[in-house]
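The values are calculated or read from the model by the stated rules, or taken from the named source; none is laboratory data. All of these numbers come straight from a predicted model, not from anything done at the bench. Note that each Cβ is placed from the backbone with ideal geometry, even for glycine, and that neighbours are counted across all protein chains shown.
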Amino acid sequence: MIKVENLVKKFDDKTVLNDISFEVKDGETLAVVGFSGSGKSTILKIICGLLEKDSGTIKTSEGDIAMVFQYSALFDSLTVHDNIIFALTERKDLRKLYSSQDLDNIVREKLKLVGLEEIEDKFPSELSGGMQKRVSFARAIVTNPKTILYDEPTAGLDPISSTLIEDYIVRLKDETHASSIVVTHQMSTIQRTADKVLMLYNGKSVFQGTPQEMCEQGNEYTKQFITASLNGPMKLLTE
Amino acid sequence: MEQIRAYFKQSATYQLLQILADQLDDFFTTFGEIAIRGLMVLKCIFAGQINLKEVIEQSARFGVSSLPITISIVSMTSIIVAMQVAGEMVKQGGGNYVGLLVAMLTVRETGIIMSGFAIISMIGSSLASEIATMKVTEQIDAIRVLGVNPIRYLFVPRVLAGTLMMPPVMIVASTFGIIGGGIASTLVSELSYKAYFSSVWSGLYIYDIKVAIAKAFTYGFVIALISCTCGYIAKGGAKGVGIATTKAVVWSFVAIVILDLIFSIAFFF
């Protein structure tokens, strides 16, 4: 469960998130959409502790919070194997729990879950963007998190790789029963992965509902977003 | 009043003051970050949060890979000093002091400070760019989200390696420096090896060596800490990595020179 109430975040004088509230139940996925710079990634960074909030409350289920970064953020000096077991070997509370045989098995199991095999000894630079993304999924779920955050998981990928990534988001949700938040710009990602949608504009929530309601309701903001129109209540910063 | 303010903001004086204020702000921010990270590193070390495997890997980087260049620079410096003074000193009847002069200069100053400069150029810059790249590609954020302390994972092994490897590097480089100075002295003057090395031992005290080792520990700690911190606070993309690397080198150079002055005042006056 993720429960966010009245979240406010400012950078200097600019209010990036203004009174944002939402709830994601266990096993649910919330898609956060909006223009670039509307504060979507900031929500994720506050939830996982990378940024401090100015006010509001955030409650998450007991357990780890995992995050899949926009450009994977794999450790380029480590192999895929070492990337995946990083938390298990470096965290004080976990490092003595697993033998090297256990760790090998975990790597194989997690890679299988994201449809990859026999790449344990490769370095991230030897993998395609889609494969890197899937390795970062495997790394994120290695501690069996109760909350998974995806920051634009399909950014920079071709449509087929995007579909594959969307399938794995759904699969991971089913396997882990974690609460997930997916920050995305793509309608296909919303429709294929999300149970609920939160739309932000200028740091404010302008729509909350299901993907179906997003498409069917006459909300000016969602209509403009879906039709990718320049005419509507949302103005680009350059205008 | 508004017009005067607007006019003043366009003036060269205002621009200059603005640049000065930004530089001062950057200086104090960086200084504060280095001090805070230093305390965090010490806290981790005293709490025993040390990854020995990483420390050994980083020590190899500090010690082995920097040794050839460090030996070359320190030896060259001692050879140059010996070539400059040996001939004249022998002519003036001070041949018995050539070894003493070269050894004292090498052990007290050039050995350690030139080793420091070599380590900064080779290792400090690479540490800063490595960590800055990790920062701008969100790898450090990933470390934090995975529940690992980046200070323990990134700083502690590098700072420990720097602290522990600097003395042996300095000792080896200084030894080569003294030997190189001896060879140069005998080549440019009529001084014998025996006279040179007797002079070395007559003027070199254990106290000098102890202070040199203390300096080496301190410089190793400071170089690694500054380099890691400058990388860690990097912002932006490729430009940010470049700025962080330059900042690490400049700050380390200045810190070493200031520390050298402090050591000289504290131990030799």
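Things worth noting here:
- Residue within segment B:43-57 that is more than 14 Å from chain A (Cβ to nearest Cβ) and closer than 29 Å to B:Gly236 by Cβ present: no
- Scanning segment A:152-167 for residues that are closer than 21 Å to A:Cys48 by Cα and surrounded by fewer than 24 Cβ atoms within 10 Å (Cβ to Cβ) gives A:Glu152, A:Ala155.
- Looking only at segment B:1-21, and only at residues there that are in a helix (DSSP H, G or I) and among the small types (Gly, Ala, Ser), the one that is surrounded by the fewest Cβ atoms within 10 Å (Cβ to Cβ): B:Ala12
- Of all residues making up segment A:196-226, the number that are hydrophobic (A, V, I, L, M, F, W, C) and modelled with pLDDT of 90 or more: 6
- Residue match in segment B:221-236 (condition: at pLDDT below 95 and hydroxyl-bearing (Ser, Thr, Tyr)): no
- Residue among B:Leu127, B:Leu101, B:Leu105 that alone is crowded, with 19+ Cβ neighbours inside 10 Å, within 14 Å of chain A (Cβ to nearest Cβ) and out of contact with any Asp or Glu (no Cβ under 9 Å at 6 or more places or on another chain): B:Leu127
- Per-region count, segment B:239-253, residues in contact (Cβ under 8 Å) with a residue 24 or more places away in the chain and aliphatic (A, V, I, L, M): 4
- For segment B:156-210, residues that are within 16 Å of the chain's Cα centre (by Cα) and more than 30 Å from B:Ile223 (Cβ to Cβ) total 0.
Residues checked against (1) part of a helix (DSSP H, G or I); (2) out of contact with any helix residue (DSSP H, G or I) (no Cβ under 8 Å at 6 or more places or on another chain):
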| site | (1), (2) |
| --- | --- |
| B:Gln23 | yes, yes |
| B:Asp26 | yes, yes |
| B:Thr30 | yes, no |
| B:Ser65 | no, no |
| B:Met76 | yes, no |
| B:Val90 | yes, no |
| B:Val98 | yes, no |
| B:Leu105 | yes, no |
